[in-house]
1. On the given criteria, is Ala72 in a helix (DSSP H, G or I), open to solvent by less than 90 Å² (accessible area, probe 1.4 Å), modelled with pLDDT of 95 or more and on the phi < 0 side of the Ramachandran plot?
2. For Glu60, are the conditions met, namely being at pLDDT 95 or above, open to solvent by 90 Å² or more (accessible area, probe 1.4 Å) and either of a type in the set (Asp, Glu) or on the phi > 0 side of the Ramachandran plot (or both)?
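The values are calculated or read from the model by the stated rules, or taken from the named source; none is laboratory data. These numbers were taken from a predicted model, which means no experiment stands behind them. Areas reflect the complete protein model, heavy atoms only, side chains present, ligands, DNA and RNA absent. Shrake-Rupley method; radii C 1.70, N 1.55, O 1.52, S 1.80 Å.
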Amino acid sequence: MSEQPAPADTAARQQLEPAAADGLRAYAAKTRANADQFAAVLEDIAENGLPAVEDCTPWEDLRETHLARLAAQRTAVA
């Protein structure tokens, strides 16, 4: 995938509000950073092999941590 936007006929496209365009660019940057981090992990595994089981976190622990984080972000319903 190219990091350059595809050329387009700007007359046929609906332009976004500046705040919406900025938000979309921020989301794209965050997504790109996450993909780069994931790629780095895969490259490390390819170079050095899988980590020892003792050095890994069980997926159940990761799931519970993530669910607790989501629950803390959720607003209470009266």
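1. no
2. Details: at pLDDT 95 or above: yes; open to solvent by 90 Å² or more (accessible area, probe 1.4 Å): no; either of a type in the set (Asp, Glu) or on the phi > 0 side of the Ramachandran plot (or both): yes.
No; evaluated as a whole, the condition is false for this residue.
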